[in-house]
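Participant: Take a look at this one; I'll ask things after.
The values are calculated or read from the model by the stated rules, or taken from the named source; none is laboratory data. Remember, it's a predicted structure, so these values are computed and weren't measured experimentally. Don't worry about glycine lacking a Cβ; one is built from the backbone with ideal geometry, like all the others, and counts go over all protein chains shown. Please note that ligands, DNA and RNA were not included when accessible areas were found on the heavy atoms of the full protein model with its side chains. Shrake-Rupley method; radii C 1.70, N 1.55, O 1.52, S 1.80 Å.
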Amino acid sequence: MPELNAHVEQRLRNDPIVWFTTVRPDGRPHVVPVWFFWDGETFLIFSQPNKQKLRNLRQNSNVMLALDGTNQGDDVVMVEGTAELLNDTSLSMNLPAFGQKYDALIKSMGTDAQNLAADFSQPIRITPTRFISWG
């Protein structure tokens with residue numbers, strides 16, 4: 001994996017939303033905003049069961065993640081990677097690092113991490129194969 005500069009690493013650790021692109025069986029892209037956790041090597045995303053992105057991943061594990069350009073598109077980070085649907089029931093949004101990153105957002109929604117973890121129960125691990133950034 002290529003070494004990331006400090007600015008890209010900081011965005012991967014702190015930005016709250018990443019655009020998650022999967023490929024539908026007919027070849028069309030499917031793009032959704034998701035919460036994510038970057039551990040320095042892989043991304044962890046949680047999904048509700050039976051969502052389109054999960055059906056897509058069962059057919060094609062190739063994905064792209066994108067952090068938007070925060071200043072008129074001049075600070076874009078994109079990641080090509082391979083996704084894996086995890087069966088590890090010990091992984092949930094209750095992970096301390098994930099909960100810490102999203103604590104304020106969770107509270108602003110009027111819920112708690114346990115309720116979200118029950119709803120977003122399917123973990124997805126993404127292993128990057130290529131980073132693209134400019135800005």
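Participant: Work out from phi, with θ = phi - 60° and the Karplus expression 6.51 cos²θ - 1.76 cosθ + 1.60, the ³J(HN,Hα) of each residue of segment 55-66, listed in order in whole Hz, and give x for Gly and Pro.
Facilitator: The phi angles translate into 4, 5, 5, 5, 9, 8, 8, 6, 9, 9, 10, 9 Hz.
Participant: Amide H of ARG24 versus every other amide H placed in the peptide plane: which residues, excluding those fewer than 5 positions away on the same chain, fall under 5 Å?
Facilitator: Placed amide hydrogens put HIS30 under 5 Å from ARG24.
Participant: On a 1.4 Å probe surface of the protein chains, which of MET109, MET78 comes out largest in accessible area, and what is the full order?
Facilitator: I get MET109, MET78, largest accessible area first.
Participant: Once phi is turned into θ = phi - 60°, what whole-Hz ³J(HN,Hα) does the Karplus curve with 6.51, -1.76 and 1.60 give for every residue of segment 112-120, x standing for Gly and Pro?
Facilitator: Couplings: 9, 4, 5, 5, 5, 4, 5, 7, 9 Hz.
Participant: Rounded to a whole number, what % of the accessible area of the chain do carbon and sulfur atoms account for, probe 1.4 Å?
Facilitator: Using a 1.4 Å probe with all protein chains present, the chain comes out at 49 percent carbon and sulfur.
Participant: If you take Kirkwood radius over Cα pairs in Å from the coordinates, which of (i) 15.4; (ii) 14.9; (iii) 15.9 do you get?
Facilitator: This structure yields the entry labelled (i).
Participant: Restricting to Cα pairs below 8 Å that are 6+ residues apart, what does the relative contact order work out to for the chain? Please round to a whole percent.
Facilitator: 29
Participant: How would you rank 20-31, 53-64, highest first, on the average number of other Cβ atoms within 10 Å across their residues?
Facilitator: Answer by packing, highest mean first, reads 53-64, 20-31.
Participant: Near ARG58, within a Cβ-to-Cβ distance under 12 Å, what is the net charge of the other residues, with Lys and Arg +1 and Asp and Glu -1? Working shown, then result.
Facilitator: On the way: positive: ARG24, LYS51, LYS53, ARG55; negative: GLU84.
Taking every other residue near ARG58 into account, the sum is +3.
Participant: Roughly how many Å² is the accessible area per residue of the chain, as a whole number, for a 1.4 Å probe?
Facilitator: 57
Participant: Provide the per-residue ³J(HN,Hα) series for segment 6-20, in order, calculated from phi with Karplus coefficients 6.51, -1.76, 1.60 and θ = phi - 60°, each as a whole number of Hz, with x at glycine and proline positions.
Facilitator: 4, 5, 5, 4, 4, 5, 5, 7, 10, 4, x, 10, 10, 7, 10
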